[in-house]
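What follows is a single structure, written as structure tokens, with notes after it.
The values are calculated or read from the model by the stated rules, or taken from the named source; none is laboratory data. Being a predicted model, the structure only gives us computed values, none of them experimental. Here the Cβ positions follow ideal geometry from the backbone for every residue, glycine too, while neighbour counts run over all protein chains shown.
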Amino acid sequence: MRALGTILLVALFAVTALAAPQKPVANSGLTCPVSGEAIKSLKKAPSVQYEGRSIYFCCKKCVGEFNTNPAKYAPKQVVRCPVSGEVVKDPGKAQTASYKGRSYYFCCAKCKPEFSKNPEKYAKAQGKAQGNRSGMQHEEHSH
Ligand SMILES: [Zn+2]
Ligand SMILES: [Zn+2]
């Protein structure tokens, strides 16, 4: 019986080890504009061209849904360069950096070294800009 207990314990450990996040999972930092799900890798994600930029999706189903109403979904995925504030036309091909577990995309090769010089400043600026857009209704509760 003791042996069985040990096996159970080992099995339990194995499950726990699998479930526990060992390393931060690769994450593009972008979310699918249709489902809102995180997109893990832009290289593997399906994308479409819309108004001169590339929009990425979690799966092909969402691409179909996007095509039924692109004007509704496109604004939900706008990637901006944290340094210049410009829209990054194709984050899948852009220069990227990660800072504190977040991914940042740059409009050009010049902005990445600029970001690296002072990541905290630029990360904060971008967090603010995005917070203002998505957190409107929470504003009153933050005081
Ligand atoms: Zn999807
Ligand atoms: Zn730039």
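In the range 40-58, what residues are under 16 Å from Tyr105 (Cβ atoms) and either part of a strand (DSSP E or B) or in the same structural domain as Lys89 (by TED's automatic domain parsing) (or both)?
Within the range 40-58, Ser47, Arg53, Ser54, Ile55, Tyr56 meet the criteria.
Is it true that some residue in the range 101-108 is closer than 18 Å to Gln126 by Cβ, within 16 Å of ligand 1 (Cβ to nearest atom), outside any strand (DSSP E or B) and not hydroxyl-bearing (Ser, Thr, Tyr)?
Within the range 101-108 (the criterion being closer than 18 Å to Gln126 by Cβ, within 16 Å of ligand 1 (Cβ to nearest atom), outside any strand (DSSP E or B) and not hydroxyl-bearing (Ser, Thr, Tyr)), the answer is no, since none of the residues qualifies.
What is the number of the single condition among (1) modelled with pLDDT of 95 or more; (2) out of contact with any Asp or Glu (no Cβ under 7 Å at 6 or more places or on another chain) that Val34 does not meet?
(2)
Looking at (1) modelled with pLDDT of 95 or more; (2) within 16 Å of the chain's Cα centre (by Cα), can you tell me which one Lys110 breaks?
All conditions are met except number (2).
Being part of a helix (DSSP H, G or I), more than 16 Å from ligand 2 (Cβ to nearest atom), among the basic types (Lys, Arg) and over 15 Å from the mean Cα position of the chain (by Cα) is true for just one of Lys61, Lys121. Which residue is that?
Only one candidate qualifies: Lys61.
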